[in-house]
Amino acid sequence: VYLYNVFLSADQSAIWDYGWCATTQEILEQNFAQMKVEFIVNGKVLSNDALAIRDYDRANSSGRCRDLTALITHWPRGTHHLDVNVTFLKPTDDGWNVYPAGTHTFRYFVNVK
């Protein structure tokens, strides 16, 4: 679990992103076929329809990347919990490294004034 604290005012929007890169587009597609990525806001999973998905060339080196992005607006005051759960369903090779099966959670505590 990777923990982050974010401080916003109620009128600020947030671009919430998860990105993954691989050496080729083919490997990128294979990786996402064996990964499960969930964006969760205060315990509720966002549908994939709520995400913008973009593939692009990796900057300053070879490789292809995919970003999954959500825009969150109209924050109620208080603390909100945002998680991105990335589950490798089996060992995953991005062309540079092999990642073991398991889940990585990126947890954001968004504090809104």
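The values are calculated or read from the model by the stated rules, or taken from the named source; none is laboratory data. These numbers come from a predicted model, not from an experiment. Note that each Cβ is placed from the backbone with ideal geometry, even for glycine, and that neighbours are counted across all protein chains shown. Please note that ligands, DNA and RNA were not included when accessible areas were found on the heavy atoms of the full protein model with its side chains. Shrake-Rupley method; radii C 1.70, N 1.55, O 1.52, S 1.80 Å.
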Just grab the label-to-label distance for ASP17 and LYS90, each label 7 Å out from Cα along the Cβ direction, in nm (one decimal). 3.2 nm
Considering only protein heavy atoms, what per residue accessible area in square angstrom results for segment 22-66 with a 1.4 angstrom probe? 63 Å²
Which option, (i) 14.7; (ii) 14.2; (iii) 15.2, is the value of Kirkwood radius over Cα pairs in Å that was calculated from these coordinates? (iii)
Beta carbons within 10 angstrom, averaged per residue: use that to sort the peptides 59-66, 77-84, highest first. 77-84, 59-66
Rounded to a whole %, the carbon-and-sulfur portion of the accessible area of segment 1-110 at a 1.4 Å probe is 52 percent
If you stretched the chain out fully between ASN111 and SER9, how much longer would it get, using 0.36 nm times the residue separation minus the C-alpha to C-alpha distance? 35.9 nm
Taking placed amide H atoms and a strict 5 Å upper bound, the residues 5 or more places from LEU46 or on another chain that come that close are PHE39, ILE40, VAL41
Taking a probe of 1.4 angstrom, what is the accessible area of VAL6 in Å², to the nearest 10? 50 Å²
The answer for the net charge of residues other than LEU8 whose Cβ lies under 15 angstrom from its Cβ, with Lys and Arg +1 and Asp and Glu -1, is +1
At 0.36 nm per residue, and after removing the present C-alpha to C-alpha distance, how many nm does the segment from THR73 to VAL98 gain when stretched out fully? 5.4 nm
Pairwise FRET efficiency - GLN30 versus ASP83, Cβ, R0 = 25 Å, nearest 0.05: 0.50
Between VAL1 and TYR56, what's the calculated FRET efficiency when r is the beta-carbon distance and R0 is 30 Å? Round to 0.05. 0.60
